[in-house]
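Please treat every number below as a calculation from the coordinates, not as lab data. In this text, all values refer to a predicted model and were calculated from it rather than measured experimentally. Positions of Cβ are generated from backbone atoms using ideal geometry, with glycine treated the same way; all protein chains shown enter the neighbour counts.
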Amino acid sequence: MYLLKTIQLQWWQAGVFKAGMWAIGIAVGVHWHYFFAGYLQALIILAVVCLGYTAYVWAEQETLPA
């Protein structure tokens, strides 16, 4: 099984995936809040950098033909 293959999702399938990842993130944060409390600033910086890079790549991509 090749885990790093390129896939294409419908918009609603991507939404389901995002909702699942969001739920996992909240569950981890609720369960391990004391562990992550000391790393909050670093985690926020990491999130901003990663999401900023993703937004940049998304904005620079050409629109694929339908």
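Below, the figures for the structure above:
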read-out: Spacing of the two label points (7 Å from each Cα toward its C-beta) at Ala59 and Ile24, in nm; value: 2.8
read-out: Rounded tilt (10° steps) of 11-31 against the dominant C-alpha axis of the chain; value: 10
read-out: Hydrodynamic radius by Kirkwood, which averages 1/r over all alpha carbon pairs of the chain, in angstrom; value: 14.9
